[in-house]
Amino acid sequence: MNRSGKAESHDATGMHILFADDEKNLQELMRTELPRMGYRVTVCPDGLTAVAALEKEPFDCLLVDLDMPGLNGIEVIGKARELRPEIEAVVMTGKPSQDTAIKALRYQAFDYLTKPCRLAELAGLLGRVGERRHNRRQLAALEHRLRRAEGDSTLVGSGAAMDSVKRLIAKVAPTESTVMIRGETGCGKELVARAVQQSSLRAEQPLVAINCGALPENLIESELFGHCRGAYTGADTARTGLFEVADGGTIFLDEIGELPIAMQAKLLRVLETGEIRRLGDNQIVQVDVRVICATHRDLERMVEEGTFREDLMFRINTFEICVPALRERVEDIPVLAEHLLRRHRSDGADQQLFTEAAMERLKSHSWPGNVRELANVVEHAAILCESLPIDSDDLPQHFGKRQLRKEIRDSEPKTLRELEMVAIEDSLRRHDGNKPAVAAELGVSLKTLYNKLNSADEKKRSA
């Protein structure tokens, strides 16, 4: 091994390395050079000593020779996988062979070095080990934050309607079938998708959720399948598509009815072949992804109108789960309300959370916004209420009045355009003017919502 090169230790300063090799000159070299690179090192003369060291303390990287007395390098890596599954292993040998490389990869060795090698080569390799270690920690932290942000994904409710949904989830989750989830906006379709994924064989792999209605039409293909640098104006760097991100896991296509007809054809091909092609690239990438879709739209009617492909509908509708609206499972409102309240209030563990008057108001409401609307009402009450239980006066002042206004309006003759604007105006009030939230609730794209608002404004000005 030649003495040349210094490692850039900023990727893994302080990384603890276990070096195992029966060559004394290499042992002394590592005792000297690895600390100079910024690493801590424990040197062992054979495999048995290395395993004993692994039993005593954790290491970040195992640098091991294949041919040693006692236990060889492959056996040491095997023991390391049992004792320290998170350790990265690097194999060194003076007798390289294809069989040895295959064995090392079978035990998930990070890399393979042939002796003699330059110190600069080793330094670069250890830098990559440190970078992977850093990325794994960042990923774990991100996953932790995502779990906290998503909250509890348990399906709440024990009524007949939800029991039926849970039985369907239990049936389809262990399979690889494509799942279509139908239901009104805000009824918990994404929660059902997460329940399917968490009970599937892909539970440990990523679930990538995409709201098809929220993707800009000119960027949908890039978001889903990725692009190469220079694929279009503004594509200064390459981008990995969400199908590639979900490789090995599950992709959830929410509001699939909002996909433009041209993208539906491309999605159909991906679902049939498992192949994607990034924008601006001729290379085909194979992905292994389970697909779960959701919509609040009548896809059969859209097929008749020519706005949704019939072949795509048949492809995604292998197994259907219909999520009931909240008004169809009134018996679940008390337990749902209490579950949602505990997200915001830690007090009241052993006391009544809602008065009878408050609960009666909740149960008598028609919930056009479903569980999403209930969550907003409960959060408002949790903020307003100084001490539990929540009373009727703690509920939003406008709560229930929209329902009365709707009943009055429904008794009057309206054109289709007027009825649309009534729904939009109600939703705008409910979301304090947040147009992306309104578009999501009404099940239209943001572009469609703006078009309708602009059209209404032009009509008012002309009047």
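A short reminder: the numbers here are calculations on the coordinates, not readings from a lab. Being a predicted model, the structure only gives us computed values, none of them experimental. Counting neighbours? That spans all protein chains shown, and the Cβs are built from the backbone with ideal geometry, glycine included.
Assorted remarks:
- Helix 24-36 and the longest principal axis of the Cα set of the chain meet at an angle near 40°.
- Residue order, fewest to most surrounding Cβ atoms within 10 angstrom, among ASP281, ASP288: ASP288, ASP281
- The chain: angle of helix 119-150 to the longest principal axis, Cα-based, in degrees nearest 10: 20
- For the chain, the antiparallel share of DSSP beta bridges with both residues in that region comes to about 10%.
- With 30 Å as the limit, the listed pairs LYS79/LYS115; LYS24/LYS79; LYS79/LYS171; LYS363/LYS447 have LYS79/LYS171; LYS363/LYS447 beyond it between alpha carbons.
- Rounded tilt (10° steps) of 416-430 against the dominant C-alpha axis of the chain: 60
- Here the residues CYS322, CYS385, CYS117, ranked from fewest to most Cβ neighbours within 10 Å of their Cβ, fall in the order CYS117, CYS322, CYS385.
- The C-alpha radius of gyration of the range 318-373, expressed as a fraction of 2.2 N^0.38 Å, stands at 1.32.
- Using every pair of distinct Cα positions in the range 342-390, the Kirkwood expression returns a hydrodynamic radius of 11.5 angstrom.
- The range 245-285: Cα Rg divided by the 2.2 N^0.38 Å rule of thumb: 1.25
- Mean projected area (nm²) of the alpha-carbon convex hull when the range 267-375 is viewed from all directions: 11.6
- Scaled against the 2.2 N^0.38 Å expected of a compact globular protein of N residues, the Cα radius of gyration of the range 9-139 reads 0.95.
- Only helices enter this figure: runs of n ≥ 4 DSSP H residues, each worth -39500 (n - 2.57), summed and divided by the residues of the chain, yield -14500 deg cm²/dmol at 222 nm to the nearest 500.
- Equivalent ellipsoid semi-axes, the chain, via Cα gyration tensor eigenvalues times 5, rooted, Å: 55, 28, 21
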